[in-house]
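One structure is given below, encoded as structure tokens.
A short reminder: the numbers here are calculations on the coordinates, not readings from a lab. Keep in mind the model is a prediction, meaning the values are calculated, not measured. Heads up, the Cβs are rebuilt from the backbone with ideal geometry, glycines too, and the neighbour counts pull from every protein chain shown.
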Amino acid sequence: MSLRTPLIATLVVVLLVGAYWGAGYVGGARKLAPLGDLAATHGNYAITLDFAPERFHQQVMQDLGRVVKVQDRTVYMMDVAPAALRDIARRYWVDSVARWNPA
């Protein structure tokens with residue numbers, strides 16, 4: 001067996017992972033564009049998913065901020081850092097992100 005087959009397989013895997021990462025980066029930027037410039041401080045956001053969130057999705061969000069409530073497909077979060085919000089927006093299962101005023 002030559003080295004050519006493993007090399008091609010490795011390149012295909014690297015390209016697929018790169019495409020997945022790139023799609024997440026572009027998708028995250030698109031979801032955050034309506035918010036304008038993110039403040040340097042923590043904020044409150046309503047994150048709408050493509051489907052009703054399951055325990056896994058809620059735990060991921062809880063690791064990145066403070067989940068206050070879940071209603072239908074939307075998770076309401078407080079004290080989310082800008083970097084964490086970018087991480088959330090890059091997830092393929094996130095439909096949209098909006099500012100939320102809990103008052």
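Quick look at the values:
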read-out	value
Candidates Thr5, Thr41, Thr48, Thr74 - the one that is loosely packed, with under 12 Cβ neighbours inside 10 Å and closer than 18 Å to Ala98 by Cβ	Thr41
Residues located in the stretch 1-56, provided they are aliphatic (A, V, I, L, M), under 23 Å from Arg73 (Cβ atoms) and not in a loop (DSSP other than H, G, I, E, B)	Ala23, Val26, Ala29, Leu32, Ala33, Leu35, Ala46, Ile47, Leu49
Residues of the stretch 68-92 satisfying the condition of being among the hydrophobic types (A, V, I, L, M, F, W, C), out of contact with any Pro (no Cβ under 8 Å at 6 or more places or on another chain) and outside any helix (DSSP H, G or I)	Met77, Val80, Ala81
Test: residue in the stretch 50-65 that is in contact (Cβ under 8 Å) with a residue 40 or more places away in the chain, in contact with a strand residue (DSSP E or B) (Cβ under 6 Å, 6 or more places away or on another chain) and either under 26 Å from Val17 (Cβ atoms) or among the aliphatic types (A, V, I, L, M) (or both)	yes
